[in-house]
Amino acid sequence: MKILFATTNPAKIKKYSDKLKEKNIELLTIKDIDVKLNIIENGKDCIENAYIKAKAYYDATGITTIGMDNSLFIEELTDDEQPGTHVRRVNGKELNDEEMIEYYTNLVKENGGKLTAKWVYGMVIYDGKENKEYTWSKSDFYFIDTPSPKRNIGYPLDSIAIIPEFNKYLVELTEEEKNNNIRKDSTMDNKVVNFIVDSILN
């Protein structure tokens, strides 16, 4: 069975495609179907944005579609101050990597030098009749106000995120430490795969 994953991010596809293949589910991507929509992701949270993407691509293709989005939640900020789904967009401007590091470093400084953060993920599967939702979070890090000189292109917040288990910047983890993190993440990945399989086959 083929389903569409409404993303162009190869990392997201790689995370789930092999495990889904074992269940006879093939993931198609936006590149595979050659349909590119201009979608306005104006939902109030990651689940709403995931639904907007899934429904838009289902309506355009007729293929059962997975939409996925994520948002950033910072414990010490008020609801109005949360980055939410607009991590890069601040005051109407799309920030580049260095601007993001500067903005979030200043935010940490304004709030005492340390901010407890978590990523919240949302996934929606839409088949034209109903949508099924799944959400999870990753919260094993915090931000500090002095960035690492190292950069992970496209993931600038890795330069101010500290992983408590290693007391190191995320961007400075060794391969062994990264693999340890990946092993922990794989438990969650398996739960996501099970959600996809159950939603598609039941």
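Bear in mind these aren't lab numbers, they're just calculated from the coordinates by the rules spelled out. Given the structure is predicted, the values throughout are model-derived calculations rather than measurements. Cβ: placed from backbone, ideal geometry, glycine included. Neighbour counts: every protein chain shown.
Under DSSP H, which helices of the chain have Cα atoms covering 15 Å or more of the helix axis and a Kyte-Doolittle average no less than -0.5? Intermediate results must be reported in sequence, preceding the final value.
Numbers: long enough: 10-21 (16 Å, -1.38); 46-61 (22 Å, -0.26); 97-110 (20 Å, -0.99); 175-201 (37 Å, -0.83).
Going by DSSP H runs, the hits are 46-61.
Using per-residue counts of other Cβ atoms within 10 Å, averaged over each peptide, order 52-58, 152-158 from highest down.
Details: 52-58: 22.6, 152-158: 16.1.
Going from most to least packed, we get 52-58, 152-158.
What's the Cα-based Rg to Rh of region 34-98, Rh via Kirkwood? Mind dumping the intermediate values first?
Values: Rg = 14.1 Å, Rh = 13.4 Å.
In region 34-98, Rg relative to Rh is 1.05.
Compute the relative contact order of region 115-202 as a whole-number percentage, counting only Cα pairs closer than 8 Å that sit 6 or more residues apart in sequence. Display every interim value, and only then the final one.
Details: 97 pairs, mean separation 18.2, N = 88.
Relative contact order, region 115-202: 21 percent.
Send over the semi-axes of region 2-201's equivalent ellipsoid, whole angstrom and largest first, taken as the square roots of 5 times the C-alpha gyration tensor eigenvalues.
Value: 31, 20, 15 Å, ordered largest first.
Express the relative contact order of region 45-202 as a whole percentage, based on alpha carbon pairs under 8 Å and six or more residues apart in sequence.
21 percent
Could you tell me which of the pairs 36/114; 12/150; 21/184; 19/93; 132/178 are separated by over 28 angstrom between their Cα atoms in the structure shown?
On the way: 36/114 40 Å; 12/150 24 Å; 21/184 22 Å; 19/93 38 Å; 132/178 32 Å.
36/114; 19/93; 132/178, as the Cα separations exceed 28 Å there.
Using just the Cα positions, wrap region 65-141 in a convex hull and report its mean projected area in square nanometres, one decimal place.
Working: hull surface 25.8 nm².
Orientation-averaged projected area of the Cα hull: 6.5 nm².
On alpha-carbon atoms, Rg over Rh for region 1-79 using Kirkwood Rh? Please list the in-between numbers first.
Details: Rg = 14.1 Å, Rh = 13.6 Å.
Looking at region 1-79, the ratio lands at 1.04.
Can you tell me what percent of all Cα-Cα pairs in region 96-202 are more than 25 Å apart?
Details: 2044 of 5671 pairs.
The share of Cα pairs beyond 25 Å in region 96-202 comes to 36 percent.
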